[in-house]
Amino acid sequence: MNHTKFQDVCVNAARALRADATEQDGRCSLTIDVTEVPVDLDEDAHALHCYVNLGDANSLDRMDVCEQLLALNLRTHVTHYGTYALEPASAWVIFCANLQDATTLNGEKLAQMLRYYLHETKEVRQMVGGISEKYFSTVFAGDFA
């Protein structure tokens, strides 16, 4: 996939998601509801890298958040094909998904995948956003711990 095709896929995904899309320095950034999802093109690997912004961990205990994200990675890496991480410079918690074989993607398929990732990360976004303390015990209890 070249950059022109990438731009077209992002514009069509934004339209399908009814989302705002911007581009800066070759990165497409979609704002879906209130969640920012930057998407990068890796032309050499023919892949797209998506980063679902899950929130700011500055107000939380970073070590505890990192432990919980590692536990989530162990439990979900096979089913989600992505990784939870803490971006150290900004303290943003993110979910990184690598979409291989980007040459077969169109805007609707990318939109479908992003909807899936937003749905699957909803509870983690709520926990990180501080909506409720119960999310820490709900999301990270039992099978995840």
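No lab work stands behind these numbers, since they all come straight from the coordinates. The structure displayed is predicted, hence computed values, not measured ones. Positions of Cβ are backbone-derived with ideal geometry, glycine not excepted, and every protein chain shown enters the neighbour counts.
If amide hydrogens are placed 1.01 Å from N in the peptide plane, which non-local residues have theirs closer than 5 Å to the one on Ala47?
Asp42, Ala102
Under a plain spin-label model, where a point goes 7 Å from the Cα along Cα-to-Cβ, how far apart in nm are Asp56 and Tyr116?
With each label placed 7 Å out from Cα toward Cβ, I get 3.2 nm.
Asp44 to Ala89: extension gain in nm, 0.36 nm per residue of separation minus the Cα-Cα distance?
13.5 nm
Just how many % of Cα pairs in the stretch 1-59 lie over 16 Å apart, if you round to the nearest whole percent?
The share of Cα pairs beyond 16 Å in the stretch 1-59 comes to 43 percent.
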